[in-house]
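Working notes for the structure below.
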Amino acid sequence: MIFIKNNKEIELMRESNRIVGGVLALMAQYVKPGVSTWELNQIAEDYIVSQGAVPSFKGYRIPGLEPFPTAICSSVNDCIVHGIPSRQVILKEGDLIGIDVGAFKNHYHGDGARSFAVGKSSREVEILLSVTREALDRGMKMALPGNRIGDISWAIGSFVKENGFNVADDLTGHGIGREMHEDPMIPNFGIEGKGPRLKAGMTLALEPMVNCGTNRVIERGWEFFTADASLSAHFENTILITDGEPEILTLPYN
Ligand code: MG
């Protein structure tokens, strides 16, 4: 069931996602060679708590795994998503890092992600970042009332393919609200005109995960990697469907 949020709920969604946007802006400042992903996690968690929220991801449970241990996911190079911050993972010049963060306040969640080049980036990383970010933009452009989820999925997936990259198998965007993951699922590839119809008041997390190489993924515990060890990037915004253009709730957009 896809929940339509009322005005009061929308205000609360704006607040939780404003906090996520704040974390993402902070991460843009702190990602540099020599910083550990653990330090990034601490900075993010401190900020979330300072805003009266709690990290949505910390303690998140799925069957068969220990609860997720940290406030952010930090996914370096061939890690697609759900990388676990560690004191041992120290960023190096030329790395690519995806940072995903959730914040929970007043019973509503925010969710967003950005990918960053660490220091000076290769041409490959630059292109991957720009294609992934534009794939998200193209998905958001289709997030209009009366359109369908498949229109978003198609816009993302076809743009990624045209650019010679692949979206990661089995990993999708999602509705979001009182729960971190609500209906509908939002695949990163699909068919125009298919799927549930978009209505004003829906809040959706769109999140293309784009691989330079194969679409296939390998899971190691929480962490998803590309099966061929190629690089992968991830951008995510939570948006509100309105009567016109969608409202992006997870600003600023680095
Ligand atoms: Mg998400």
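Atom-type composition of the exposed protein surface of the range 7-248 places 52 percent of the accessible area on carbon and sulfur (1.4 angstrom probe).
The trypsin sites (Lys or Arg not before Pro) of the range 164-197 that meet both conditions, a loop assignment by DSSP and at most 13 other Cβ atoms within 10 Å of the site Cβ, are K194. For the range 61-132, the alpha-carbon radius of gyration amounts to 1.26 times the rule-of-thumb value 2.2 N^0.38 Å expected for a compact globular protein. Helical content of the chain, expressed as a calculated mean residue ellipticity at 222 nm, amounts to -9500 deg cm²/dmol (DSSP H runs of 4 or more residues, -39,500 (n - 2.57) each, divided by residue number, nearest 500).
For the chain, a Gaussian network of Cα nodes joined below 10 Å ranks V81, V49, V20 by mean-square fluctuation, and the top entry is V49. Think of a 1.4 Å ball rolled over the protein heavy atoms: the chain then has 43 Å² of accessible area per residue. If you take all other residues with their beta carbon under 13 Å from the beta carbon of K5, and give Lys and Arg +1 and Asp and Glu -1, the sum is -2.
Of the chymotrypsin sites (Phe, Trp or Tyr not before Pro) found in the range 206-254, those in coil by DSSP whose Cβ has at most 16 other Cβ atoms within 10 Å are Y253. Each principal axis of the Cα cloud of the chain was evaluated for its coordinate range; sorted largest first, these ranges are 46, 43, 35 Å.
The values are calculated or read from the model by the stated rules, or taken from the named source; none is laboratory data. This is a predicted model, so every value here is computed, not measured. Glycine gets a Cβ as well: all are built from the backbone with ideal geometry, and neighbour counts include every protein chain shown. Heavy atoms of the whole protein, side chains included, go into the accessibility calculation; ligands, DNA and RNA do not. Shrake-Rupley method; radii C 1.70, N 1.55, O 1.52, S 1.80 Å.
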